[in-house]
Amino acid sequence: MRIVLCGFRGTGKTECGRLLSQLTSLPFLDTDALIEERYKKAIHDIFAGEGEETFRDYERQVIADLPASGCIVGTGGGAVIDPRNVAALRRGSTMILLEAEPSAIEQRIRHTTRPPLTTLPFRDEIRVLLEERKPAYTRAADFCIDTTTRSPNEVCLAIMRILSEGTASPGAGERAIRFLRESGIPDDEVTAFEQAAVSGDPKTRLFAIAGNPALHSRSPPLFSQLFAHFGLNCHYTRFQAPGIIPILRLCHDLDLRGLSVTIPFKHSIMEHLSEIGPDAEAIGAVNTVVWCGGRSYGYNTDWIGIRDPLADARGSNAVVLGAGGAAAAAVYALTSLSMEVTILNRTVSAAEALAGRFGCASGPLEAFDRVNPAIVINATPVGMEPDTQSPLKKTQLKPAMTVFDLVYTPPETPLIRLARNTGCRVIPGTELFVRQAAAQFTQFTGISAPLDLVRSMLS
Ligand code: NAP
């Protein structure tokens, strides 16, 4: 067993780490103390003499060399900002985030001798750094504990309870098994869930995809492979139902850690979340939910999977075919790259409505030839198995075009085949799937999974 405590300065990592060490008879290793010991310098001297970058290098080395098990680890407040540290710390561990209100932190560290990390006044530095680091803390932790009104003893007891009992409500695992059976999840997946959520280790963190349908999704096998690759004590399953409410009730009772969201819930889930990221808010769709400390955070990673393969085409003239959810993510991605976007759709009023939100041009599908775009994105289901149509004819394509088909079943769609034969640069929908999944994995765990690793797991 390895327990890692992370969080801002003044949240009680050192004190709780020492108390946990007494309770468990495992040694307590404080990464700041290990840095001072290894490099024979006080932390403030490293900051003053060699700068923060060198300190972060030392910290990374010390974290990489920690024992793999049999210890309690306390990390420096900024350690989990680096995804490499998160990957090293999380392997085989239970990671616990200690949180506190800024006023409590200020009270606890007001006599510190540590040098400031910014030029801001003490109180402002706490608030600004906390806000900056919150996403990294939220991603990296298995469990979150608010220490604002708790003594170190109470925090330790809460941690011991989590380690021995987990955080699901009584009977939640059994209720979830009935739900999975009723929605037609294959028996082997129900058995694996039963082992993870009911009869197995209470520290196992649970994830799922919510959709209708969800049975076809490639996310469960992908995330299971990623969790195994990075040594994470996590399990991923599927929740399929006609409505989002019963799924969210299940997520609450199981204390789910993260949820992938697909059709038809990407918009309807938004009103049930505590906080929505600015990208998801602008797109009007959430495909990723993370729970931490009783609050739910909604994000959109689809647009990242559209933006990144087109990052070298900044400022181009683009057409998006379709005006649904995927088209909204595409338009957001393209406008973030300063592209001039025209939305063309079967139902023109839907294209106009989407164009109105983003300040783009719009029209019917027949207007394609008048636009002569450099970038074409298909955000309609045309060409998705079993359909064998292409949304554009060969005569409409030109070799200078980049054609990105968001449809990914089959991997080579009729449109991609036509575009390839014309000499266009082509981007298949699998690329969006890979990149949105990698970004979602980072939201779920704080770890950056290399894209080639994700691609190899899907092939
Ligand atoms: P959606 O919200 O239902 O929107 C579908 C859009 O396609 C609408 O604008 C609709 O036009 C148009 N459309 C539907 N059938 C059409 C047809 N036969 N001819 C012309 N236009 C048609 O769906 P969505 O969530 O945006 O998804 C769109 C596609 O993107 C799906 O095929 C999905 O598989 C793909 N996608 C892929 C990924 C990935 O990871 N690669 C992620 C998300 C989505 P009307 O307004 O006229 O109905």
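The values are calculated or read from the model by the stated rules, or taken from the named source; none is laboratory data. Since the structure is predicted, the reported quantities are computational estimates derived from the model, not experimental observations. Backbone-built Cβ (ideal geometry, glycine too); neighbour counts: all protein chains shown. Note: areas computed on protein heavy atoms with side chains; ligands, DNA, RNA excluded. Shrake-Rupley method; radii C 1.70, N 1.55, O 1.52, S 1.80 Å.
Highlighted here are the helices (runs of 4 or more DSSP H) found entirely within the stretch 309-422 that include at least 2 residues which are within 10 Å of the ligand (Cβ to nearest atom), touching a strand residue (DSSP E or B) at 6+ places or on another chain (Cβ under 8 Å) and on the phi < 0 side of the Ramachandran plot: 325-336, 348-358. Whenever a residue of the stretch 385-398 is touching a residue at least 12 places away in the same chain (Cβ under 8 Å), its partners that are part of a helix (DSSP H, G or I) and of a type in the set (Val, Ile, Thr), lying with C-beta atoms within less than 6 angstrom and at least six residues away or across chains, give the pairs LEU397/THR422.
Here is a check on your reading of the model: is GLY184 in the same structural domain as HIS252 (by TED's automatic domain parsing) and surrounded by 15 or more Cβ atoms within 10 Å (Cβ to Cβ)? The answer is no for GLY184.
Screening the stretch 148-179 for residues that are part of a loop (DSSP other than H, G, I, E, B) and small (Gly, Ala, Ser) and picking the one that is farthest from ILE105 (Cα to Cα) gives GLY171. Against the numbered list (1) over 18 Å from ALA327 (Cβ atoms); (2) touching a residue at least 12 places away in the same chain (Cβ under 8 Å), ARG420 comes up short only at (2). Output the qualifying pairs, or none if there are none: Cβ atoms under 6 angstrom, residues six or more apart or on different chains, first residue in the stretch 365-382 and closer than 14 Å to LYS393 by Cβ, second residue of a type in the set (D, E, K, R) and open to solvent by less than 70 Å² (accessible area, probe 1.4 Å). Cβ pairs passing all conditions: ASN378/ASP405.
For THR413, the test of being open to solvent by 20 Å² or more (accessible area, probe 1.4 Å) and either touching a Ser or Thr at 6+ places or on another chain (Cβ under 8 Å) or of a type in the set (Ser, Thr, Tyr) (or both) is failed.
Could you tell me which numbered condition SER459 fails, if it satisfies all but one of (1) polar (S, T, N, Q); (2) away from the ligand (no atom under 15 Å from the Cβ); (3) open to solvent by less than 10 Å² (accessible area, probe 1.4 Å)? Evaluating SER459 over (1) polar (S, T, N, Q); (2) away from the ligand (no atom under 15 Å from the Cβ); (3) open to solvent by less than 10 Å² (accessible area, probe 1.4 Å) leaves (3) as the failure.
How many residues are more than 16 Å from the ligand (Cβ to nearest atom) and either over 23 Å from PRO135 (Cα atoms) or open to solvent by less than 20 Å² (accessible area, probe 1.4 Å) (or both) if we restrict to the stretch 423-448? Of the residues in that region, 7 qualify. Among the residues of the stretch 361-379 satisfying the criterion of being in contact with a helix residue (DSSP H, G or I) (Cβ under 8 Å, 6 or more places away or on another chain) and over 20 Å from ALA313 (Cα atoms), which is least open to solvent (accessible area, probe 1.4 Å)? So, considering only residues that are in contact with a helix residue (DSSP H, G or I) (Cβ under 8 Å, 6 or more places away or on another chain) and over 20 Å from ALA313 (Cα atoms), the one least open to solvent (accessible area, probe 1.4 Å) is GLY363. The set of residues from the stretch 240-281 being of a type in the set (Val, Ile, Thr), open to solvent by 50 Å² or more (accessible area, probe 1.4 Å) and under 20 Å from GLY171 (Cα atoms) comprises just one member, ILE245.
Considering the stretch 79-147, the qualifying helices (runs of 4 or more DSSP H), each wholly inside and each with 2 or more residues that are open to solvent by less than 70 Å² (accessible area, probe 1.4 Å) and closer than 20 Å to GLU15 by Cβ, run over 102-109, 122-140.
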